[in-house]
1. Rounded to two decimals, what is Rg over Rh for region 280-397 when you use alpha-carbon atoms and the Kirkwood radius?
2. On a 19 Å Cα-Cα criterion, which of the cross-link pairs LYS80/LYS249; LYS100/LYS142; LYS227/LYS249 come out too long?
3. Given points 7 Å out from each Cα along the Cα-Cβ axis, report the ARG294 to LYS380 separation in nanometres with one decimal.
4. Can you give me the three principal axis dimensions of the chain from its C-alpha atoms, in Å, biggest first?
5. Tell me, MET278, MET146 in order of fewest to most beta-carbon neighbours within 10 Å?
6. How big is the convex hull of the Cα atoms of region 119-195, per residue, in Å³?
7. Given R₀ = 25 Å, what would the calculated FRET efficiency be for ASP369 paired with VAL172, taking r from the Cβ atoms and rounding to 0.05?
8. In straight Cα distance, which aspartates and glutamates are under 20 Å from LYS277, not counting same-chain residues fewer than 8 positions off?
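Laboratory data are not the source of any read-out in this text; all were calculated from the coordinates shown. Everything quoted here is computed from the prediction, not taken from an experiment. We place every Cβ from the backbone using ideal geometry, glycine too, and count neighbours over all the protein chains shown.
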Amino acid sequence: MFARSALRAASKPTAAASPLLQRFTYATAATSHPAHFSAQAVEQANPHGMEISKAQRIAEDGFWSAIGNTPLIKMNTLSKQTGCTILGKAEFQNPGGSVKDRAAKFLVQDAEEKGLLKPGGTVVEGTAGNTGIGLAHVCRNKGYKMAIYMPNTQSQGKIDLLRLLGAEVYPVPAVPYDNPDNYNHQAQRHAERLDNAIWTNQFDNIANRQAHIETTGPEIWAQTGGKLDAFTCASGTAGTIAGVTRYLKTVSEGRVKCYVADPPGSVIYTYVSSGGKMTERKGSSITEGIGQGRITENLKPDIDLLDGALHIPDEKSIEMVYRCLDEEGLYLGASSCLNVAAARDLAEKMGPGHTIVTILCDGAYRYADRLFSRKWLESKGLVNAIPEHLHKYIVLE
Ligand SMILES: Cc1ncc(COP(=O)(O)O)c(C=O)c1O
């Protein structure tokens, strides 16, 4: 809303405008790239009342309102190769560096609105990844204490980052979910022991999915002007795939096709493609933050809306890590590249002329020591999955 009124104002300069404002007005309203900047073009391309780009507004509430409104990047080479328009939502541009900032914001906001979390309170979560980073940022911003339980198999780098963001970190023995000492159960018990504390429970707390119904889905719809044919992304907690699917199916009255993408070692692919009859779990994956052994509460309400599932082996994901870097200039983590590979498979399935949107969950920064290490790639048997001419990017031992 802010962006629309600001742009409208910018297109109608007043005599009292300062030279700086006049220059700004000229640059925004009469640029040589009118599709990006003129108020009229924005109004036409965006009749749904959504902001289009972070660059066009001030995040008035600081960190809090800097979450979301990420660009939708056209993947030019892949689009040319497939004859489709492949668009990636640049979630790595969130302040915590991933799509999980959105979930973190909504999980905390929901607890505040329900009166479960008051000033000075504590947020507890079991997480080894991006949700912890997002929550730690949110807690810093809001002045809450933060405690994170994670398996003690995680890297020192991750633990250091979370401590640096002010979280208490509890690395505990890595035991299966059905063991009461699993890190998730320990996180829950920690919150129960304290007053004014919540266990955010990202997998089964549907405030996570709500973040994507209220923000990611509407942003995609507005950014494409409703002109998209399909959406695909993987499922970790399933907040993203469920929330975006729910929104796009509703707003397009079922027209937009939605496919969940799934790595090896996850049950979602067999569950969806067998119509809910099977949950087969085979193999394991190099991807982090995605793949699931059960149907979470976030996925349950929307799983029947899905049009299908795409199984993406690690070979395709790692190839795409290198291709995105070389062909698109995008430095992306493996889950993002699994999503891009799924978008390509969907383009091939649907045929030329379609617009397909996916999620670029985070950058490769946190995974570089593995994704670009020859030794690590060899240990996973993945060197040959990378096209020969891209081996120049395998720069680590
Ligand atoms: C890197 C990465 N990609 C994808 C996801 C999956 O997102 P969601 O939990 O919304 O399914 C996660 C979740 O933690 C993640 O960390």
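1. Using Cα coordinates only, the ratio equals 0.99.
2. Listed pairs above 19 Å: LYS80/LYS249.
3. 2.7 nm
4. 70, 54, 45
5. Details: MET278 12, MET146 23.
Lowest count first: MET278, MET146.
6. Enclosed volume per residue, from the Cα hull, is 72 Å³.
7. 0.60
8. ASP262, GLU297, ASP302, ASP304, ASP307
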